[in-house]
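Student: Have a look at this one.
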Amino acid sequence: MNLECIECGKKHDLSTVANTCSCDGLLEISYDLSEVNFSLKDRTAIPPHVWKYRELLPISGVPVSLMEGGTPLYRCKRLEAECGVKELYVKHEGMNPTGSFKDRGMTVGVSRAAELGIKTVACASTGNTSASMAIYAAKAGMKALVLLPSGYVALGKVAQALMHGATVLAVKGNFDDALLLIQRVCSEKGFYLLNSVNPYRLEGQKTIAFETIDQLATHKNANVPDRVIVPVGNAGNISAIYKGFKEFHELDIINKVPMMTGIQASRSAPIVDAFRRGLAQIEPVAEPQTVATAIRIGNPINAPKALRAIRQSNGAAESVTDQEILKAQKDLARLEGIGVEPASATSLAGLRKLIAQGTIDRDETVVCVTTGHLLKDPEAIMKACRPPIEVDANFDALYSTLSELERS
Ligand code: F0G
């Protein structure tokens with residue numbers, strides 16, 4: 001195993017807690033894959049779970065685990081017909097222990113912190129990272145410090161971080177401000193940073209790719225998807241999933257890497273902008289906005305890894321409006337029974353847009369990743385749906401309301 005800079009290739013000692021190189025490049029964990037012995041037959045017999053793939057994970061001892069991963073991959077025939085695409089699957093990451101994909105990364109990140117003898121873990125978060133870090137810190141007996149952008153974090157996520165015992169501070173600024181602050185606090189106070197700039201976190205998240213391949217092998221006629229569509233915020237997840245596919249490709253388990261396709265909210269879309277303009281680096285968005293607060297991020301720290309994933313896999317990047325996001329959220333809920341928070345619905349909204357533009361071929365097999373559960377953001381639900389109608393507790397009143405509803 002190596003810890004390598006993605007910009008200058010410098011190898012770093014594995015005992016380092018730094019997340020970036022002296023040249024400022026992001027670090028990545030790499031393996032000598034010739035040492036790994038994986039058999040497809042054995043793998044599909046074991047139920048999915050993050051630690052099923054431990055030969056490709058950077059932890060050797062007993063992990064801090066809450067049985068994360070093993071999320072469903074749904075074939076979505078009604079949405080297939082509606083979007084006009086050959087095969088559509090949804091990998092519903094909202095079915096993890098805290099209701100988001102972050103748990104896959106946190107089980108590895110907190111296990112690493114435990115190996116290092118860390119007492120306090122910390123993060124800035126739009127919500128889900130904080131909820132996830134809080135439960136794994138609780139399980140490991142560590143302290144957790146969380147900085148949230150004040151007023152822009154969905155209720156369910158704050159509630160989780162509080163109940164699991166994190167110290168939660170609401171910073172009067174956005175996520176990008178909070179991330180800068182927490183990075184400095186970590187380096188000055190020796191706290192362990194668990195944002196997705198931490199390469200151990202991304203190792204856990206790459207298991208989304210492994211699981212998708214193993215689950216598709218059990219669906220008839222399907223193995224490697226042509227395209228995987230991922231909501232993008234701080235840009236760690238799309239980079240991690242790409243890394244997972246690349247490792248399976250290098251191990252000859254799959255014969256191609258899917259086209260990685262990143263979707264951002266239209267007023268928080270620096271990666272989409274850099275992709276469209278062919279820029280090597282993003283230009284940060286100073287005041288990001290979107291109803292999808294999970295991805296309300298203007299200066300994604302993993303942008304270099306994400307742009308590399310999208311470009312090397314011949315993928316795409318697109319942005320969607322709040323209206324398109326909310327429509328996709330409702331359609332996932334009502335056509336397929338998949339309840340997701342707004343940020344997660346960007347993958348379906350992006351699929352529709354890219355089909356309409358002709359970027360996505362109707363013959364493709366597509367996997368949309370939905371990253372967080374519907375119940376994370378109850379306030380968004382109450383804004384999107386008609387509230388319950390009050391009725392008196394008698395049959396006359398009930399029937400009169402029902403007939404009014406039938407007429408309307
Ligand atoms: N979807 C959801 C539900 C998220 O919570 C996030 C990120 C993303 C997508 C984007 O993933 O950052 O890896 O590109 N949430 C982070 C947080 C920023 O603090 O919870 P990414």
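Student: Which condition number does residue 60 fail, the rest of (1) in a loop (DSSP other than H, G, I, E, B); (2) open to solvent by less than 10 Å² (accessible area, probe 1.4 Å); (3) not basic (Lys, Arg) being met?
Tutor: (2)
Student: Considering every residue within the range 311-329, establish whether at least one is crowded, with 19+ Cβ neighbours inside 10 Å, part of a helix (DSSP H, G or I) and touching a residue at least 60 places away in the same chain (Cβ under 8 Å).
Tutor: Within the range 311-329 (the criterion being crowded, with 19+ Cβ neighbours inside 10 Å, part of a helix (DSSP H, G or I) and touching a residue at least 60 places away in the same chain (Cβ under 8 Å)), the answer is yes, since at least one residue qualifies.
Student: Would you say residue 168 is surrounded by fewer than 24 Cβ atoms within 10 Å (Cβ to Cβ), touching a helix residue (DSSP H, G or I) at 6+ places or on another chain (Cβ under 6 Å) and at pLDDT 95 or above? Lay out the reasoning, then the answer.
Tutor: Values: surrounded by fewer than 24 Cβ atoms within 10 Å (Cβ to Cβ): yes; touching a helix residue (DSSP H, G or I) at 6+ places or on another chain (Cβ under 6 Å): yes; at pLDDT 95 or above: yes.
The answer is yes for residue 168.
Student: How about the range 40-56: which of its residues are more than 18 Å from the chain's Cα centre (by Cα), in contact (Cβ under 8 Å) with a residue 12 or more places away in the chain and in a loop (DSSP other than H, G, I, E, B)?
Tutor: Passing the criteria: only 47.
Student: If residue 360 passes every condition in (1) assigned to a loop (DSSP other than H, G, I, E, B); (2) within 16 Å of the ligand (Cβ to nearest atom) but one, which one does it miss?
Tutor: (2)
Student: May I pose another question? It is to be established whether one or more residues within the range 92-107 are surrounded by fewer than 24 Cβ atoms within 10 Å (Cβ to Cβ), within 16 Å of the ligand (Cβ to nearest atom) and free of Cβ contacts under 8 Å to residues at least 60 places away in the same chain.
Tutor: Yes; the residues of the range 92-107 include at least one that is surrounded by fewer than 24 Cβ atoms within 10 Å (Cβ to Cβ), within 16 Å of the ligand (Cβ to nearest atom) and free of Cβ contacts under 8 Å to residues at least 60 places away in the same chain.
Student: I need the full set of residues from the range 330-340 which are in a helix (DSSP H, G or I) and either surrounded by 17 or more Cβ atoms within 10 Å (Cβ to Cβ) or out of contact with any helix residue (DSSP H, G or I) (no Cβ under 9 Å at 6 or more places or on another chain) (or both), in order please. If you could, list the steps in order and put the result at the bottom.
Tutor: Residues of the range 330-340 that are in a helix (DSSP H, G or I), as a first pass: 330-336.
Of everything in the range 330-340, those that are in a helix (DSSP H, G or I) and either surrounded by 17 or more Cβ atoms within 10 Å (Cβ to Cβ) or out of contact with any helix residue (DSSP H, G or I) (no Cβ under 9 Å at 6 or more places or on another chain) (or both) turn out to be 331, 332, 333, 334, 336.
Student: Which numbered condition trips up residue 67, out of (1) open to solvent by 60 Å² or more (accessible area, probe 1.4 Å); (2) over 25 Å from residue 214 (Cβ atoms); (3) under 24 Å from the mean Cα position of the chain (by Cα)?
Tutor: (2)
Student: Here is a further query. Any residue that is surrounded by 24 or more Cβ atoms within 10 Å (Cβ to Cβ) and under 30 Å from residue 291 (Cα atoms) - is there at least one of those in the range 250-259? Can you show your working first?
Tutor: Within the range 250-259, the first condition is being surrounded by 24 or more Cβ atoms within 10 Å (Cβ to Cβ), and the residues that meet it are 258.
Going one step further and asking which of them are under 30 Å from residue 291 (Cα atoms), we end up with 258.
Yes, the range 250-259 contains at least one residue that is surrounded by 24 or more Cβ atoms within 10 Å (Cβ to Cβ) and under 30 Å from residue 291 (Cα atoms).
Student: Pick out, from the range 66-136, the strands (runs of 3 or more DSSP E) lying fully within it that include 1 or more residues that are acidic (Asp, Glu).
Tutor: 87-92
Student: Further question: Please indicate, with yes or no, whether at least one residue in the range 253-266 is without any contact (Cβ under 8 Å) to a residue 12 or more places away in the chain, in contact with a helix residue (DSSP H, G or I) (Cβ under 9 Å, 6 or more places away or on another chain) and not aromatic (Phe, Trp, Tyr).
Tutor: Within the range 253-266, the first condition is being without any contact (Cβ under 8 Å) to a residue 12 or more places away in the chain, and the residues that meet it are none.
The answer is no; no qualifying residue exists.
Student: Residue by residue through the range 74-91, note down the ones that are open to solvent by 20 Å² or more (accessible area, probe 1.4 Å) and of a type in the set (A, V, I, L, M).
Tutor: The one that is open to solvent by 20 Å² or more (accessible area, probe 1.4 Å) and of a type in the set (A, V, I, L, M): 81.
Student: Hey, can you tell me all the residues within the range 188-225 that are within 16 Å of the ligand (Cβ to nearest atom) and either more than 16 Å from residue 132 (Cα to Cα) or at pLDDT below 95 (or both)?
Tutor: Selection gives 199, 206, 207, 208, 209.
Student: Quick one: in the range 226-240, of everything that is buried (at least 24 other Cβ atoms within 10 Å of the Cβ) and more than 17 Å from residue 301 (Cβ to Cβ), which residue is farthest from the ligand (Cβ to nearest atom)?
Tutor: The initial filter retains those residues of the range 226-240 that are buried (at least 24 other Cβ atoms within 10 Å of the Cβ), namely 228-240.
Add one more test, that the residue is more than 17 Å from residue 301 (Cβ to Cβ), and what stays is 228-229.
Details: 228: 13, 229: 12 Å.
Checked the range 226-240; the qualifying residue farthest from the ligand (Cβ to nearest atom) is 228.
Student: For the list (1) out of contact with any Lys or Arg (no Cβ under 7 Å at 6 or more places or on another chain); (2) crowded, with 22+ Cβ neighbours inside 10 Å; (3) within 21 Å of residue 211 (Cβ to Cβ), I need the number of the one condition that residue 300 fails.
Tutor: (3)
Student: Which one of 230, 224, 257, 285 is over 14 Å from the mean Cα position of the chain (by Cα), in the same structural domain as residue 71 (by TED's automatic domain parsing) and under 23 Å from residue 323 (Cα atoms)? Write out each step before concluding.
Tutor: On the way: 230 fails: over 14 Å from the mean Cα position of the chain (by Cα); 224 fails: under 23 Å from residue 323 (Cα atoms); 257 fails: under 23 Å from residue 323 (Cα atoms).
None of the other options fit; the residue is 285.
Student: Within the range 187-199, can you find the residues that are open to solvent by 10 Å² or more (accessible area, probe 1.4 Å) and not polar (S, T, N, Q)?
Tutor: 188, 189, 190, 191, 192, 193
Student: Identify, please: which residue in the range 363-387 is open to solvent by 40 Å² or more (accessible area, probe 1.4 Å) and more than 16 Å from the ligand (Cβ to nearest atom) and is, among those, nearest to residue 316 (Cα to Cα)?
Tutor: Restricting to residues being open to solvent by 40 Å² or more (accessible area, probe 1.4 Å) and more than 16 Å from the ligand (Cβ to nearest atom), the top hit is 363.
Student: May I pose another question? Across the range 277-297, what is the number of residues that are open to solvent by less than 50 Å² (accessible area, probe 1.4 Å), in contact with a Pro (Cβ under 9 Å, 6 or more places away or on another chain) and not in a helix (DSSP H, G or I)? If you could, list the steps in order and put the result at the bottom.
Tutor: Looking only at the range 277-297, we keep the residues that are open to solvent by less than 50 Å² (accessible area, probe 1.4 Å), and these are 279, 282, 285, 288, 290-297.
Cutting the leftovers down to in contact with a Pro (Cβ under 9 Å, 6 or more places away or on another chain) gives us 282, 285, 288, 290-297.
From what is left, the residues that are not in a helix (DSSP H, G or I) are 282, 285, 288, 290-292, 296-297.
The total comes to 8.
Student: Which ones in the range 241-276 are of a type in the set (D, E, K, R) and either within 22 Å of residue 349 (Cα to Cα) or within 12 Å of the ligand (Cβ to nearest atom) (or both)?
Tutor: Taking the range 241-276 and keeping what is of a type in the set (D, E, K, R), we get 243, 246-247, 250, 252, 256, 267, 273, 276.
Within the range 241-276, 267, 273, 276 qualify.
The values are calculated or read from the model by the stated rules, or taken from the named source; none is laboratory data. In this text, all values refer to a predicted model and were calculated from it rather than measured experimentally. For neighbour counting, all protein chains shown are included, and Cβ atoms are generated from backbone atoms with ideal geometry for every residue, glycine included. SASA here: full protein model, heavy atoms, side chains in, ligands and nucleic acids out. Shrake-Rupley method; radii C 1.70, N 1.55, O 1.52, S 1.80 Å.
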